[in-house]
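Okay, structure first, notes after.
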Amino acid sequence: MKSIFFHLMPYPELPPDFPEEHRSVWVDIDPALYDPEVGNRTYNEYLDELEFAADCGFDAVGVNEHHSNGYGLMPSPNIIAAALSRNCPDTNIVVLGDSVALYNPPLRVAEEIAMLDGITGGRMVAGFPVGSPMDTIFAYGQNPATIRERYHEGVDLIRQAWTRDEVFSFNGKYNKLRYVNVWPRPVQQPHPPIWIPGGGSVDTWDWCAQEDLVYCYLSYFGYKAGLKTMQGFWKKVQETGKEANPFQGGFAQFIAVADTEKEAWDLYREPAEYFFNTCLHVYAGFADPPGYKTPNTVRAGVEGMVERAAREATARAEAKKSSAGGGYPKGLSFEEMVEKGYVILGNPTQVAEQVHELATTMHIGHLMTFCHFGNMNKDLVRYNTEMYATKVMPEVCDLFEDEYEDLWWPQPLAQPARRDVPEVSAS
């Protein structure tokens, strides 16, 4: 099983009364809450954390895309990937991913990923999310009824741009290009592995099964709640007559590991409560606009992860209104987060056992670990990261390796170029 150090890049200094005084952490979050000096420090600390994870031996580092968002300060994951491409010379980089429906034309994504694949010598994974309604519909003004169609056309254009060996024209419904000719070409042939992050849409996992793409369920609510979704994906894979290869599946999980279980409870309580009770304070009106959710998903009764977070945040706000001055109801306790599996917590043995259970029950070969979450300080991130890499990862890295081949992992050059920074001679 591969372990990917995945980073959301949350803003760490939202005020304690944020859930009570502000409608949403996403879309209409108050611009006055952003301090550029905090942003400068935070971006550089987060890059340090990603590079540290690479040095610790993680199989890859991962980044994603959000807009107008207080818990995701990465409107362009490719910029972060570019910063990492030279400072992580031996680690794969998972961009999970570029919201192709927001690019006009999506050819830009094909070019940028090809550039990154060239810089890294073939260490890129290309992720293409449909995009949350907050990012695509409200922040970027797309039509919810056409977003998925626009997305599929964009992915088709990118794949053709990477694989066709001649200049061609593309005459789509949303993209009409007389000359398609991506220079540079990606190092990996026919193209970098494609992973599709999803939040629970039936149509997304159906498409991944049909197209032999990796389906990554990026849930915030842990493996216990995510099992049903992954079971739906594997059922679809089997219906297509294909092998249920665990490396075609991925999942995201919050990790909190320490020398002792008691220490883990003490260390990770504050950042976990900050993330789940402040960073996930999303206005429900943004989470499920008419036309965004596909009919298949509606019929299946599947609730998206952000939709769930928004529903719970709205329920707390409604409870406040009816409490007759009783104060704003507190969110989930840390105890509830651990009990429900949102956070895997404990000493290295306990965490390894839970990760093993996650991987085998969900049948996934790619685990996106959130070793940073909420407002965790950099020293604690390093501690959590190193503990997982040195004491947990060795216990789970052999899972599935003898039974299945990872067909969706980067294939870098045998001898890629490296950084060559000459020493400055003394004058």
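A short reminder: the numbers here are calculations on the coordinates, not readings from a lab. Computed from a predicted structure; not experimentally measured. Cβ sites come from the backbone with ideal geometry, for glycine too, and all protein chains shown count toward neighbours.
Here are the numbers for the structure shown:
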| quantity | calculated |
| --- | --- |
| Relative contact order of segment 1-88, pairs being alpha-carbon contacts under 8 Å that are 6 or more residues apart, as % | 43 |
| Gyration tensor over alpha-carbon atoms, segment 1-97, equivalent ellipsoid semi-axes in Å | 28, 13, 12 |
| 13 Å Cα-Cα reach of Lys293 towards aspartates and glutamates, excluding residues that sit fewer than 8 places from it in its own chain | Glu149, Asp203, Glu303, Glu307 |
| Fraction of beta bridges assigned by DSSP in the chain that are antiparallel (%, nearest 5) | 10 |
| Gaussian network model of the chain, Cα within-10 Å springs - most flexible of Asn40, Asn384, Asn143 | Asn40 |
| Relative contact order, percent, segment 199-317 [alpha-carbon distance under 8 Å, six or more residues apart] | 33 |
| Per-pair calculated FRET efficiency, R0 = 51 Å: Ser425 and Gln210 via Cβ, rounded to 0.05 | 0.30 |
| Normalised contact order of segment 94-221, rounded percent, pairs of Cα under 8 Å and 6 or more residues apart | 29 |
| Order of Cys88, Cys279, Cys56 - criterion: other Cβ atoms within 10 Å of each residue's Cβ, fewest first | Cys56, Cys88, Cys279 |
| Distance (nanometres) between label positions extended 7 Å along Cα→Cβ at Lys224 and Asp156 | 4.3 |
| Charge sum, other residues only, whose C-beta stays under 12 Å from Leu116's C-beta, Lys/Arg counted +1 and Asp/Glu -1 | -2 |
| Gain upon complete extension [Glu166, Asp259; 0.36 nm per residue less C-alpha separation] | 27.8 nm |
| Approximate spin-label separation Ala417-Thr349, in nm, with each point projected 7 Å along Cα-to-Cβ | 5.1 |
| Order of Arg418, Arg159 - criterion: other Cβ atoms within 10 Å of each residue's Cβ, fewest first | Arg418, Arg159 |
| For segment 68-111, alpha-carbon Rg over 2.2 N^0.38 Å | 1.29 |
| Flagged links, alpha-carbon separation over 29 Å, of Lys176/Lys228; Lys173/Lys228; Lys2/Lys235; Lys242/Lys391 | Lys176/Lys228; Lys173/Lys228; Lys242/Lys391 |
| Sorted by Cβ neighbour density within 10 Å, fewest at the top, the residues Ser132, Ser333, Ser169 | Ser169, Ser333, Ser132 |
| Positive minus negative residues near Asn40 (Lys, Arg vs Asp, Glu; Cβ under 15 Å) | -3 |
| Isotropic mean projected area of the C-alpha convex hull, the chain (nm²) | 23.5 |
| Cα extents of segment 151-289 along the three principal axes, largest first (Å) | 61, 35, 35 |
| Value at 222 nm in deg cm²/dmol, rounded to 500, when DSSP H runs of n ≥ 4 in the chain each add -39,500 (n - 2.57) | -12500 deg cm²/dmol |
